[in-house]
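What follows is calculated from the coordinates using simple rules that are stated; it is not laboratory data. These numbers come from a predicted model, not from an experiment. Backbone-built Cβ (ideal geometry, glycine too); neighbour counts: all protein chains shown.
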C-alpha cells in the first residue's frame, strides 16, 4: 500500500532532489496550481533541489515562456529538463529527411538541427510532437497516414510520450497516443522522454551540476501519470510520489472525494507501487 501524505515537507528527510512533473502537478495547461508552486518554493528554501522533468516536446525555454504566460513563478525550480531536450539527440541520429507531425508551435524542437523538412512521401523518418489539432482530432484520425509510414519502415521519433494531458477541465490527446498506434501497426518508435532512461539520466546530471554527487536513493519523483511519471521513476531506481488529482482522477474519484480502495486497485492494475500518494502537491 502506498502511504498517504498531506504535505510535501513530510518527506524533507527522505530526499535531497525532487524530480517534479509539470502538467497535472504544477498546472493544467491553463491555470497554475498555486499550492504546488508554493510547495516547491518551500522545498528549495529547505535546501532541496527541484528539477522539473516534463514530457513537453518543446525545449526548456518554451516551457518557461508558457510558465510566464499562465503565471507559474520562476522561483519554484532550479532547472528544467524536457522530453524535447533529450529528443533532439534522437533527431540528430535519424535520417536527415524528416516529416514533422505536430503543430507549428512545436517546431522549436528541431530548430538549429541539420534536418530537411519534407512531405510524407519523401520522408525517411517521422518526428512526432503531437496531433495537428488536439482540440478536435484523435489518434484514429492518423491511422492511414501512420500505416503508410509503417509500410515503408520509417522510424517514428516521439517527442512527447504522454498519451493525454489535462487542458483546463478536459483531457486532450498527445503524441504518445500516436506512438501507441504506430506500435500497434508494427512500426518502430524511438522515445527518450518519460518513462525512458535518457530523460532521467539528464535530470540527474543537472542535479549533480547544482549540488554535487547525488544518490538515487535520496531522490524523489513526483507525478500524476502512472505510465510515464511513476513507471519511469520506478524503472530508473527512484522513489515515487503519486499525485491523485491529475490525469487519472476520473478512475477513482467519488464526486470530489478520492476513493482510496479504488485508487489502490487502479495503481495495482497499472503495475506500479509508488511509495507515497497525496491529493494535490501542497
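Of (1) touching a residue at least 40 places away in the same chain (Cβ under 8 Å); (2) closer than 30 Å to residue 141 by Cα; (3) more than 15 Å from the chain's Cα centre (by Cα), residue 57 satisfies all except one. Which?
(3)
Can you name every residue in segment 4-24 that is touching a helix residue (DSSP H, G or I) at 6+ places or on another chain (Cβ under 9 Å), part of a helix (DSSP H, G or I) and farther than 21 Å from residue 34 by Cβ?
Hit for segment 4-24 is 14, nothing else.
Surrounded by fewer than 15 Cβ atoms within 10 Å (Cβ to Cβ) and either touching a strand residue (DSSP E or B) at 6+ places or on another chain (Cβ under 9 Å) or under 21 Å from residue 10 (Cβ atoms) (or both) - does that describe any residue in segment 242-253?
Yes, because at least one residue in segment 242-253 is surrounded by fewer than 15 Cβ atoms within 10 Å (Cβ to Cβ) and either touching a strand residue (DSSP E or B) at 6+ places or on another chain (Cβ under 9 Å) or under 21 Å from residue 10 (Cβ atoms) (or both).
Test of understanding: among 142, 200, which residue is farther than 30 Å from residue 265 by Cβ, touching a helix residue (DSSP H, G or I) at 6+ places or on another chain (Cβ under 7 Å) and surrounded by 14 or more Cβ atoms within 10 Å (Cβ to Cβ)? Even if it seems obvious, please write down each step before you answer.
Values: 200 fails: farther than 30 Å from residue 265 by Cβ.
Unique residue meeting the criteria: 142.
Count, please, the residues in segment 225-262 that happen to be part of a helix (DSSP H, G or I) and without any contact (Cβ under 8 Å) to a residue 24 or more places away in the chain.
5
Residue check, residue 130 against (1) assigned to a loop (DSSP other than H, G, I, E, B); (2) on the phi < 0 side of the Ramachandran plot; (3) in contact with a strand residue (DSSP E or B) (Cβ under 9 Å, 6 or more places away or on another chain), all met but one. Which one?
Condition (2) is where residue 130 drops out.
If you go through segment 172-198 one residue at a time, how many are assigned to a helix (DSSP H, G or I) and either touching a strand residue (DSSP E or B) at 6+ places or on another chain (Cβ under 6 Å) or within 17 Å of residue 142 (Cβ to Cβ) (or both)?
Residues of segment 172-198 assigned to a helix (DSSP H, G or I): 175-184, 197-198.
Next, from what is left, pick out any that are either touching a strand residue (DSSP E or B) at 6+ places or on another chain (Cβ under 6 Å) or within 17 Å of residue 142 (Cβ to Cβ) (or both): 175-184.
Final tally of qualifying residues: 10.
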